[in-house]
Amino acid sequence: MKKTEMITIQTFCTYHGVEDSLIYRLEEVGLINVYEIEEQKYLEEDKLSELERLVRIYKDLGLSPEGIDVVVQLLEKIDRLQQENNYLLQKIRRLDQ
Amino acid sequence: MDFIDYYRVLEIENSAKPEDIKKAYRKLARKYHPDLNPNDKEAELKFKQINEANEVLSDPEKRKKYDQYGKDWKHAEAFEKAGRSSGTRPSGGGQRAYSGRFSEEDFSDFFSSMFGGGSHRDFGGQRGSEVRYKGHDFKAELQLPLSAIYTTQKHTLTIEGKNIRINVPAGIEDGQTIKIKGYGGEGINGGPKGDLFITFVIQNDTRFQREGSDLHVQEKLDLYTAVLGGEIQVETFDGKVRLKVQAGTQNDTKVRLKGKGFPVYKKEGQFGDLYVTYKVTIPQQLSDKEKELFTELAKLRSHEKN
């Protein structure tokens, strides 16, 4: 991972007005990855949208990192079920014809 | 522009206390939060409405004005002029606890006409002046006919006035979203650009039914070929093929043509299968001679049975 594709945790936290402890807690429950380069902690720029979503859920809904993890897993499950539902609808439409 | 009953939006009584408003708002905002309802336009609209209702009802000045003029909001300005001696000005008040992804442009015309253009609150968090930050992600929808995604093709999209050429891989699914890195909004203070998310809507313009990478089609089969067997020509997605029909083929018999289906997404050279269902057609308006021969056949059958 190149340093140019990373953003420091400090930068992210200053912008979003959150404590860096939140980032480490999110890492602890396995929701994000934190990288250390030359004793500086970084986040992947590529994953910022996802992290912003987690921070919104944390701030707006007042959930703990464990609670956010449950929400994320349930949303993934809904997504899978929706895909399965689409596939089955396609199949039913075909059988109806 | 219609009057909006903000109390009804928050499902509370007109006499609701500030803490009831806060409670109702938080409960509804949790239910309709866009991060918990991705791709749900109805929830998004509802979330905007409850934010707007909260913006007005949680601010004592705005609530007073709203309660005072209510349905007569169109005349609010005239009322204001008449009673200018009271001299109150709407303050910035109100507690927006939810960031969502909204700006003041999301407020209704009703809100703007009554309270002006929102209260200039920053919903995205603090803007550190020297902080590099990633730009917003853009979302777009691309409608394509099924026949166009049989092969990988280039398409040009216009996003925010810019033309973007993208490769649409063969076999993309209806409802599938792909990410184009760096084609979103400009980054802040030199931060990276956001990404572009394109969702594909595939409309079937063919006689084939698609099920993943398999295709299904119905083919008419005349009675004589079904009974005696023979050869028919079937049109597949990439041309015609000749099929052998077994003697005594029943109606609704399904045959599989391996590899004649739809391309498998991002697996070059791999195709699903084509399933052909035979629909046997029974001859109508028989001539006297045909009737005679069919009767003869029927008799032969009944003799065999007995």
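Observations on the model:
- Computed from backbone phi, the HN-Hα couplings of the range B:174-181 come to 5, x, 6, 10, 10, 9, 10, 5 Hz, rounded to whole numbers (Karplus: 6.51 cos²θ - 1.76 cosθ + 1.60, θ = phi - 60°; Gly and Pro given as x).
- Potential lengthening of the chain between B:Arg207 and B:Thr152 amounts to 17.7 nm, from the contour at 0.36 nm per residue minus the alpha-carbon distance.
- Qualifying GluC sites (Glu not before Pro) in the range A:7-94, where qualification requires a DSSP coil assignment and no more than 12 other C-beta atoms within 10 Å, comprise A:Glu19, A:Glu38, A:Glu39.
- Amide H contacts under 5 Å for B:Val245, placed H, 5+ residues apart: B:Gly230, B:Glu231, B:Ile232
- The range B:16-58-the range B:171-208 distance, computed between alpha-carbon centres (Å): 28
- Straight-distance candidates among the lysines for linking to B:Lys291, with alpha-carbon spacing under 27 Å and chain neighbours fewer than 8 residues away dropped: B:Lys220, B:Lys279, B:Lys299, B:Lys305.
- Of all aspartates and glutamates in the structure, the ones whose alpha carbon falls short of 18 Å from that of A:Lys77, not counting any fewer than 8 places away in one chain, are A:Glu50, A:Glu66, A:Asp69, B:Asp35, B:Asp40.
- Chains B and A together, accessible area buried on both sides, 1.4 angstrom probe, square angstrom: 2600
- The simple Förster model, with R0 at 51 Å and r as the Cβ-Cβ distance, assigns B:Thr177 and B:Gln285 a FRET efficiency of 0.45.
- Accessible surface ranking for B:Leu146, A:Leu81, A:Leu89, 1.4 angstrom probe, highest first: A:Leu81, A:Leu89, B:Leu146.
- Out-of-range pairs (alpha-carbon distance over 23 Å; input B:Lys23/B:Lys46; B:Lys22/B:Lys46; B:Lys46/B:Lys193; B:Lys154/B:Lys267): B:Lys46/B:Lys193
- The label-point distance for B:Glu19 and B:Lys41, in a model that sets each label 7 Å from Cα toward Cβ, rounds to 4.1 nm.
- Those GluC sites (Glu not before Pro) in the range B:221-306 that DSSP places in a loop and that have at most 10 other beta carbons within 10 Å: B:Glu268
- Aspartates and glutamates whose Cα lies under 13 Å from that of B:Lys254, excluding same-chain neighbours fewer than 8 positions away: B:Glu219, B:Asp273
- At least 50 Å² accessible surface lost relative to isolated chain, residues of the range B:182-213 (1.4 Å probe): B:Gln209, B:Glu211
The values are calculated or read from the model by the stated rules, or taken from the named source; none is laboratory data. Every value quoted in this text rests on a predicted model; they were computed, and no experiment measured them. Note that we place each Cβ from the backbone using ideal geometry, even for glycine, and neighbour counts take in every protein chain shown. Surface accessibility is based on the protein's heavy atoms, side chains included, excluding ligands, DNA and RNA. Shrake-Rupley method; radii C 1.70, N 1.55, O 1.52, S 1.80 Å.
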